[in-house]
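Enquirer: Before I ask anything, let me first share the structure, which is written out below as structure tokens.
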Amino acid sequence: MQKALAISGLEKTYKGGFQALKGIDLIVEKGDFFALLGPNGAGKSTTIGVITSLVNKTAGTVKVFGYDIATDLEKAKSFLGLVPQEFNFNQFEPLMNILVNQAGYYGVERKVAVQRAEKYLKQLELWDKRHDAARMLSGGMKRRLMIARALMHEPQILILDEPTAGVDIEVRRAMWDFLRELNKQGITIILTTHYLEEAEMLCRNIAIINHGVIVENTDMKSLLAQLDIESFVFDLVPTHKPVQLNDVISRQIDDHTLEVDLTKKQSLNQVFAQLSAQQIEVLSMRNKSNRLEALFVGLINRPTLSKEQTEEVTNNE
Amino acid sequence: MNNGIALKSILNKEIQRFMRIWIQTLVPPAITISLYFIIFGSLIGSRIGEMGGFDYMSFIVPGLIMMSVITNSYSNVASSFFSAKWQRNVEEMLVAPVPNWVIVAGYVGGGMARGILVGLIVTLVALFFVDIHIHNIWVVIATVSLTSAVFALGGLINAIFAGSFDDISIIPTFILTPLTYLGGVFYSISLLPEFWQGVSKVNPIVYMVNAFRYGFLGVSDVSITTAFVVIGVFITILFTVAMTLISKGIGLRS
């Protein structure tokens, strides 16, 4: 599989001495839908900044489809489309101008650019606003405008830095469908997000970054397989009897809510059987919380090793 | 990558910007210059008599046009580029495969476009007050184009270093305006004592105003060749500085 992005030993130390990246290695295959997760200040945006040349790296290499950003920057840039975290368009410029000019920066002829702008504005439901100044848009519309802008030169890799931050659920789900469709068309997508559900719903591979170090880099299925315990919430017909379940961990929250933790080897049938035996009726059942969240919290709270320390441990082994 | 399309896009964006806010960008120079013509030309000028062999109004017209060109070329790029930094839409260009020289040329071209357009408007206003004769059209075109390029480059460098909107008004207020007023717009430097004539010749605007005046009236306090050499040297130095700053990402990349 062709490497869309290959990062090796990437380090970034800002002027004040803060080391945002401490030797990151990362590979994203062509056609992947890749999530870069991490808490605030973990180094996600710095990583994206370096890839897109908005941040100067201190050390390491970044290659985009084999083109090193240190030696073939313009070629590497031509593959990338960026949807940044902060709104970064001219608030006073009409949408159509923003899109057509952006395409022009990539050498796209005006006639083609106008056609593409129409296509993406319609797909992202912004066509009616095409002559409006960007500042007149709602938050969700501004995010969609930035997605349209990033697609104007038809990039091979689309990088989205927290694209659904502050966007309502309906718009978020519409954006997910749009991104899935783009990925199906062959565009490699790299996404940073705070919403773990978003990563779980969309991405095939994932890297978790914390304190400038990659603490986990695997495929989503393997990551989720690491979860041994899953929690369920049962909504019961109100009962005054204390619920007692054998061989499973359970917590009765109130007279109509029961939480149950099950390992992978335990079946839900035994829970239902025991509840039936106690003549307790279950009205509905759901997962307690995002499963990835528990894993994520566990991973970022794990003591992290710098690259040198990791190498030292590996060599000692 | 077609750099021509990228350059045209930056130019389009810049021209669209100042045309969109024409009341702020194109009307004020016309009003200001009209006041100069009324006060210095008609009211005071009529009492001054001749200057450099021409009536005072005819003498100051080229200088006033050049003053508008200088101010507008500078402020267009300074405010547009700083605004792009402030709103972060400069990143639209930085993430794209646009060579640095195209960014510089695009912004400078935008500044030149506004400077020259304002120059034309001011010239039209001047026609209400005085008959304009052109001695050498090519000198006029070359001087106005090159001078606007010098000050557009200056505005770009100012915007690169600027950290706030105040920073883009400091140089126009404390450097550009005094140099322009002392640059022979309102008087011939031959009227000055010899020492101050020498001091004036350190002021680059003297060369630009006089070359421009030569294009209109055929008279100049300095040699035209020297004037073009001075302008050429300034363009070379300022372009090199602007390219170096953008290549290093000063004020643009962390």
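The values are calculated or read from the model by the stated rules, or taken from the named source; none is laboratory data. A quick note: this is a predicted structure, and the numbers were derived from the prediction, not measured. Neighbour counts are summed over all protein chains in view; Cβ atoms, including those assigned to glycine, are modelled from backbone coordinates with ideal geometry.
Enquirer: Identify all residues within the stretch A:94-119 that are part of a helix (DSSP H, G or I), buried (at least 21 other Cβ atoms within 10 Å of the Cβ) and not polar (S, T, N, Q); write none if there are none. Explain how you work it out, then say what you get.
Expert: At the first step, the residues of the stretch A:94-119 found to be part of a helix (DSSP H, G or I) are A:95-105, A:110-119.
When the remaining residues are screened for being buried (at least 21 other Cβ atoms within 10 Å of the Cβ), the result is A:95, A:97-105, A:113, A:117.
Residues satisfying the conditions are A:Leu95, A:Ile98, A:Leu99, A:Val100, A:Ala103, A:Gly104, A:Tyr105, A:Ala113, A:Ala117.
Enquirer: On the basis of being among the polar types (S, T, N, Q) and touching a helix residue (DSSP H, G or I) at 6+ places or on another chain (Cβ under 7 Å), does B:Ser83 make the cut?
Expert: Numbers: among the polar types (S, T, N, Q): yes; touching a helix residue (DSSP H, G or I) at 6+ places or on another chain (Cβ under 7 Å): no.
Criteria not met by B:Ser83.
Enquirer: If you go through the stretch A:38-55 one residue at a time, how many are within 14 Å of chain B (Cβ to nearest Cβ) and touching a Lys or Arg at 6+ places or on another chain (Cβ under 7 Å)?
Expert: Residues of the stretch A:38-55 within 14 Å of chain B (Cβ to nearest Cβ): A:43, A:45-55.
The next check asks that each one be touching a Lys or Arg at 6+ places or on another chain (Cβ under 7 Å); those that pass are A:46, A:50, A:53-55.
Number satisfying all stated conditions: 5.
Enquirer: Out of (1) among the hydroxyl-bearing types (Ser, Thr, Tyr); (2) closer than 18 Å to B:Ala113 by Cα; (3) more than 14 Å from every other protein chain (Cβ to nearest Cβ), what's the single condition that is false for B:Ser42?
Expert: Among (1) among the hydroxyl-bearing types (Ser, Thr, Tyr); (2) closer than 18 Å to B:Ala113 by Cα; (3) more than 14 Å from every other protein chain (Cβ to nearest Cβ), B:Ser42 violates only (2).
Enquirer: Looking at the stretch A:165-179, which of its residues are closer than 20 Å to A:Leu80 by Cβ and either in contact with a strand residue (DSSP E or B) (Cβ under 9 Å, 6 or more places away or on another chain) or at pLDDT below 90 (or both)? Step through it out loud before you land on a result.
Expert: From the stretch A:165-179, those closer than 20 Å to A:Leu80 by Cβ are A:175, A:178-179; that's our starting set.
Those that are closer than 20 Å to A:Leu80 by Cβ and either in contact with a strand residue (DSSP E or B) (Cβ under 9 Å, 6 or more places away or on another chain) or at pLDDT below 90 (or both): A:Met175, A:Leu179.
Enquirer: Output the number of residues of the stretch B:65-83 satisfying the condition of being in contact (Cβ under 8 Å) with a residue 60 or more places away in the chain and within 14 Å of chain A (Cβ to nearest Cβ).
Expert: So the count comes out to 4.
Enquirer: Tell me yes or no: at least one residue of the stretch A:111-123 is away from every other protein chain (no Cβ under 12 Å), in contact with a Leu (Cβ under 8 Å, 6 or more places away or on another chain) and not aliphatic (A, V, I, L, M). Working first, answer last.
Expert: Within the stretch A:111-123, the subset away from every other protein chain (no Cβ under 12 Å) is A:114-123.
If we keep only those that are in contact with a Leu (Cβ under 8 Å, 6 or more places away or on another chain) as well, we get A:116-117, A:120-121.
Among the residues that remain, those that are also not aliphatic (A, V, I, L, M) are: A:116, A:120.
Scanning the stretch A:111-123, I find at least one residue that is away from every other protein chain (no Cβ under 12 Å), in contact with a Leu (Cβ under 8 Å, 6 or more places away or on another chain) and not aliphatic (A, V, I, L, M), so the answer is yes.
Enquirer: Okay, next question. Kindly check whether there is at least one residue in the stretch A:73-91 that is away from chain B (no Cβ under 11 Å), outside any helix (DSSP H, G or I) and farther than 30 Å from B:Ile21 by Cα. Working first, answer last.
Expert: Start the filter on the stretch A:73-91 by keeping residues that are away from chain B (no Cβ under 11 Å), which leaves none.
No, the stretch A:73-91 contains no residue that is away from chain B (no Cβ under 11 Å), outside any helix (DSSP H, G or I) and farther than 30 Å from B:Ile21 by Cα.
Enquirer: Identify the single condition in (1) crowded, with 17+ Cβ neighbours inside 10 Å; (2) more than 14 Å from chain B (Cβ to nearest Cβ) that A:Gly66 does not satisfy, given that it satisfies every other one.
Expert: Here A:Gly66 meets the rest and fails (1).
Enquirer: Quick one: which residue in B:Val122, B:Val130, B:Val140, B:Val98 is away from every other protein chain (no Cβ under 14 Å) and buried (at least 23 other Cβ atoms within 10 Å of the Cβ)? Talk me through it step by step, then tell me what you get.
Expert: Working: B:Val130 fails: buried (at least 23 other Cβ atoms within 10 Å of the Cβ); B:Val140 fails: buried (at least 23 other Cβ atoms within 10 Å of the Cβ); B:Val98 fails: away from every other protein chain (no Cβ under 14 Å).
Unique residue meeting the criteria: B:Val122.
Enquirer: Okay, moving on. List, please: which pairs have Cβ atoms under 9 Å, are six or more places apart or on different chains, and start with a residue in the stretch B:28-57 that is closer than 23 Å to B:Gly218 by Cβ and end with one that is aliphatic (A, V, I, L, M) and outside any helix (DSSP H, G or I)?
Expert: Partner pairs satisfying both residue conditions: B:Phe37/B:Val130; B:Gly41/B:Val130; B:Gly45/B:Met51; B:Gly52/B:Val219; B:Gly53/B:Val219; B:Phe54/B:Val219; B:Asp55/B:Val130; B:Met57/B:Val130.
Enquirer: A follow-up question, please. Of everything in the stretch B:119-141, what is among the hydrophobic types (A, V, I, L, M, F, W, C) and either touching a strand residue (DSSP E or B) at 6+ places or on another chain (Cβ under 7 Å) or within 13 Å of B:Ser34 (Cβ to Cβ) (or both)? Give them in sequence order. Full working, then the answer.
Expert: So in the stretch B:119-141, the residues among the hydrophobic types (A, V, I, L, M, F, W, C) come out as B:120-122, B:124-130, B:132, B:134, B:137-141.
Answer for the stretch B:119-141, where residues must be among the hydrophobic types (A, V, I, L, M, F, W, C) and either touching a strand residue (DSSP E or B) at 6+ places or on another chain (Cβ under 7 Å) or within 13 Å of B:Ser34 (Cβ to Cβ) (or both): B:Ile121, B:Val122, B:Leu124, B:Val125, B:Ala126, B:Leu127, B:Phe128, B:Phe129, B:Val130.
Enquirer: If a residue has to be over 12 Å from B:Leu153 (Cβ atoms), in a helix (DSSP H, G or I) and within 14 Å of chain A (Cβ to nearest Cβ) to count, how many in the stretch B:214-249 make the cut?
Expert: The total comes to 2.
Enquirer: Name the helices (runs of 4 or more DSSP H) wholly within the stretch B:31-140 that hold at least 1 residues that are touching a Pro at 6+ places or on another chain (Cβ under 8 Å) and farther than 30 Å from A:Ile48 by Cβ?
Expert: Numbers: elements: B:45-48, B:56-86, B:91-94, B:100-126.
Result: B:56-86, B:100-126.
Enquirer: Going through the stretch B:140-159 one residue at a time, which ones are out of contact with any Lys or Arg (no Cβ under 8 Å at 6 or more places or on another chain) and farther than 23 Å from B:Phe212 by Cα?
Expert: Result: B:Leu156, B:Ile157, B:Asn158.
Enquirer: Condition test on A:Thr47, is it out of contact with any strand residue (DSSP E or B) (no Cβ under 6 Å at 6 or more places or on another chain) and surrounded by fewer than 24 Cβ atoms within 10 Å (Cβ to Cβ)? Before the answer, list the steps.
Expert: Working: out of contact with any strand residue (DSSP E or B) (no Cβ under 6 Å at 6 or more places or on another chain): yes; surrounded by fewer than 24 Cβ atoms within 10 Å (Cβ to Cβ): no.
Considered against the rule, which asks whether it is out of contact with any strand residue (DSSP E or B) (no Cβ under 6 Å at 6 or more places or on another chain) and surrounded by fewer than 24 Cβ atoms within 10 Å (Cβ to Cβ), A:Thr47 comes out as no.
Enquirer: Let me ask something additional. Being more than 9 Å from every other protein chain (Cβ to nearest Cβ) and under 20 Å from the mean Cα position of the chain (by Cα): is that true of A:Ala35 here?
Expert: Numbers: more than 9 Å from every other protein chain (Cβ to nearest Cβ): yes; under 20 Å from the mean Cα position of the chain (by Cα): yes.
Considered against the rule, which asks whether it is more than 9 Å from every other protein chain (Cβ to nearest Cβ) and under 20 Å from the mean Cα position of the chain (by Cα), A:Ala35 comes out as yes.
Enquirer: When you go through (1) within 14 Å of another protein chain (Cβ to nearest Cβ); (2) buried (at least 23 other Cβ atoms within 10 Å of the Cβ) one by one for B:Pro62, which number turns out not to apply?
Expert: (1)
Enquirer: Let me ask something else. Suppose we keep only residues that are more than 18 Å from B:Pro97 (Cβ to Cβ) and more than 8 Å from every other protein chain (Cβ to nearest Cβ) within the stretch B:1-16. Which one would you say is surrounded by the fewest Cβ atoms within 10 Å (Cβ to Cβ)?
Expert: Restricting to residues being more than 18 Å from B:Pro97 (Cβ to Cβ) and more than 8 Å from every other protein chain (Cβ to nearest Cβ), the top hit is B:Ile15.
Enquirer: Just one of the numbered conditions (1) more than 8 Å from chain B (Cβ to nearest Cβ); (2) more than 21 Å from A:Ile24 (Cα to Cα); (3) polar (S, T, N, Q) is not true of A:Thr58; which one?
Expert: Single failed check for A:Thr58: (2).
Enquirer: Name the pairs: first residue in the stretch B:122-139 and touching a residue at least 12 places away in the same chain (Cβ under 8 Å), second residue loosely packed, with under 13 Cβ neighbours inside 10 Å and in a loop (DSSP other than H, G, I, E, B), Cβ to Cβ under 9 Å, at least 6 apart or on different chains?
Expert: From the stretch B:122-139, no pairs qualify.
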